[in-house]
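In what follows, a structure is listed as structure tokens, so that the remarks can point back to it.
The values are calculated or read from the model by the stated rules, or taken from the named source; none is laboratory data. Quick caveat: nothing in here was measured; it's all calculated off a predicted structure. As a convention, Cβ positions derive from the backbone with ideal geometry for all residues, glycine included, and neighbour counts pool all protein chains shown. These area figures cover heavy atoms from the full protein model, side chains too; ligands, DNA and RNA do not enter into them. Shrake-Rupley method; radii C 1.70, N 1.55, O 1.52, S 1.80 Å.
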Amino acid sequence: RRARNKTVRSEMKTRVKQATTAAGTDEGPEALRMAIKKIDKAASKGVIHKNKAARDKSRLVKRLAVAESA
């Protein structure tokens, strides 16, 4: 279980990082979609709490909105 959780959490962090770096480019929306998908998947598997998933998604979308407007 620990190994699976670590894999899921690592993939989630990687996708979030990719979405952050892709902000303001053509790949931005697709990277954001994949990051949100991985966050939701981690929450549904019980790796992270559903409130943490909601908080992470909110912060990510807010961060990308600021980057796109700048």
Requested in this report: May I ask which residue of THR21, ALA70, SER58 lies farthest towards the positive end of the charge dipole of the chain, with charges of +1 (Lys, Arg) and -1 (Asp, Glu) on Cβ and the Cα centre as origin?
Outcome: SER58
Query raised in the report: Based solely on its DSSP helices, what 222 nm [θ] is calculated for the chain when runs of n ≥ 4 H residues each add -39,500 (n - 2.57) and the sum is averaged over all residues, nearest 500 deg cm²/dmol?
Result: -28000 deg cm²/dmol
Requested in this report: Step through the residues of segment 63-69 one at a time and calculate ³J(HN,Hα) from phi using the Karplus curve (6.51 cos²θ - 1.76 cosθ + 1.60, θ = phi - 60°), rounding each to whole Hz and writing x for Gly and Pro.
Outcome: 4, 6, 5, 5, 5, 6, 6
Requested in this report: May I ask for the longest run of the chain untouched by trypsin sites (Lys or Arg not before Pro) that are loop-located per DSSP and have at most 13 neighbouring C-beta atoms (other than their own) within 10 Å?
Outcome: 2-44
Query raised in the report: lysines within cross-link reach of LYS50: Cα-Cα under 19 Å, excluding same-chain residues under 8 positions apart?
Result: LYS6, LYS13, LYS37, LYS38, LYS41, LYS62
Report task. Over the chain, average the accessible area per residue using a 1.4 Å probe and give it in Å², no decimals. Result -> 72 Å²
**Report entry** Rg ratio (alpha-carbon, reference 2.2 N^0.38 Å) - the chain
**Finding:** 1.10
**Report entry** Carbon/sulfur fraction of accessible area - the chain, other protein chains in place, 1.4 Å, %
**Finding:** 51 percent
